[in-house]
Amino acid sequence: MMKFLVSLFLGLSLMVTTAHAQSQPLRIEITEGVIEPLPFAVPNFVPDSGAAAELAGQLARVVAADLSGTGLFREVPASAYISQVTGFDDPIKFADWKAINAQALVTGAVNVQGNRVTVRFRVWDVFSDKEIEPGMQFSGTKDGWRRMAHKVADAVYSRITGESGYFDSRVVYVSESGPKNQRRKRLAIMDYDGYNVQYLTDSSAIVLAPRFSPTGDRVLYTSYESGFPRIHVLDVGQVKRRVLESAEGTMSFAPRFSPDGQTVVYSLSQGGNTDLYTMNIASGQAQRLTSTPSIETAPSYSPDGQQIVFESDRSGTPQLYVMSASGGEAKRISFGQGRYGTPVWSPRGDLIAFTKQNKGRFHIGVMRTDGSEERLLTASFLDEGPTWSPNGRVIMFTRETRGENGRSSLYTVDISGRNLRPVRTPDGGSDPAWSPLQK
């Protein structure tokens, strides 16, 4: 069988080797990126009933788009097919798929009974003439067909790469419309690929920095509804919200959930000073973490909840620091040229993403948690606000164009700095936050 070994030597070069091994499955092994995507084919799924004909094709197209969008896979176009898949249990003509160099093949079938949709699928290692693990199936309602397609793509991705996927996830962000000097902002939520947009707030008040809970059912955000920044908690399913109360005369902002979802870490400004605090969501009890004359903001927990990375100008310019989640001495981890901000810990725990400003340009970058191996992934007039995909493979961020007609849009880039892609949204978008995989 064909085994794909893919490795990136940071800052140097990308090496791809292939080896035949009869006992090893088709597999992409990823460290940081892939220079030659894996060719694959996804023929339209087979409809098990007349009512499933349209959905069968649509589901296959979404699966193919998910995989191709990673930059790790390259779809073989249908125009190149020699044979067709007309039955889910029909024998696969492997020679025909080998002839067009489709190294992985995804086949499926769709059944529709009333409002119920069932999708069955299989993944084939073409060059070894066999199926990769047993087939699976997902069921749901007609209006959730795109989510079923994302689940299929996640399973295919996982089987070939050995990593969890990220397609069955959502993004909450700030939807922006209107001219730059009169921008209207409201919270919106969508599938990771920009489909199924729903609005969570109106545009009567400025909203900023939405952040998902670890279970994806709640969102923290900052609102200026009262005239001052206040942190709100919103139940996504019921679209109900409440304010996290803070003392009169203070401003609270930049909130983020702890990994257990029971605590919020945030910035609180009082008397011209801005420090970090935590609050127990159930009791409302607050604890001060920092006490310095500098501005401390943009906190983010490590995945184990033991540490917090944050932005502070205590050294004279905004830099990144790490401290215990209970407070105490902070250690500076950013030492490159320029200003650093909006740090976010990777869900894998191995990297911290950040925004960097240097020589009139903005960048999205990543570094190790001790500040070593800094790499800049993007560069533009204004890139900011990174958020991690659930598997820690991709970063989404805001890019704003220059000038009075400048527009904010969402983009993604993988952690090797490759595969920069715009994310479709109905209007402008900023401040994205990626959810965990849906249950």
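Structure values in brief
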read-out: The chain: calculated mean residue ellipticity at 222 nm from DSSP helix runs of at least 4, using -39500 (n - 2.57); value: -3000 deg cm²/dmol
read-out: Hits among lysines - C-alpha to C-alpha of residue 185 under 20 Å, sequence gap 8 or more where chains match; value: 240
read-out: Using alpha-carbon coordinates, inclination of helix 53-69 to the longest axis of the chain, degrees; value: 60
read-out: Whichever aspartates and glutamates have a C-alpha closer than 14 Å to that of residue 331, once near sequence neighbours (fewer than 8 apart) are set aside; value: 296, 311, 313, 370
read-out: Cα centre as origin, Lys/Arg/Asp/Glu Cβ charges: the range 379-421 dipole, Debye; value: 180
read-out: Heavy-atom accessible area ranking, 1.4 Å probe, most first, across 302, 79; value: 79, 302
read-out: Residue of 257, 88, 397 that the Gaussian network model of the chain assigns the largest fluctuation, springs spanning Cα pairs under 10 Å; value: 88
read-out: Of all accessible heavy-atom area on the range 268-386, the percent that carbon and sulfur account for (1.4 Å); value: 46
read-out: Proximal lysines relative to residue 93, as straight alpha-carbon distance under 17 Å, when same-chain residues fewer than 8 apart are discounted; value: 130
read-out: The range 143-182 versus the range 39-107: alpha-carbon centroid distance in Å; value: 21
read-out: Using alpha-carbon coordinates, inclination of helix 145-161 to the longest axis of the chain, degrees; value: 80
read-out: P(r), alpha carbons of the range 38-161 - 5 Å bins starting at zero, rounded %; value: 2, 12, 24, 25, 21, 11, 4, 1
read-out: In Hz, Karplus ³J(HN,Hα) per residue of the range 269-275 (6.51, -1.76, 1.60; θ = phi - 60°; x = Gly, Pro); value: 9, 8, x, x, 10, 10, 10
read-out: Fraction of accessible area attributable to carbon and sulfur, the range 37-108 (%, probe 1.4 Å); value: 54
read-out: Solvent exposure of the range 170-437 as accessible area per residue, Å², 1.4 Å probe; value: 43
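The values are calculated or read from the model by the stated rules, or taken from the named source; none is laboratory data. Since the structure is predicted, the reported quantities are computational estimates derived from the model, not experimental observations. With ideal geometry, Cβ positions are generated from the backbone for all residues, glycine too; neighbour counts draw on all protein chains shown. Heavy atoms of the whole protein, side chains included, go into the accessibility calculation; ligands, DNA and RNA do not. Shrake-Rupley method; radii C 1.70, N 1.55, O 1.52, S 1.80 Å.
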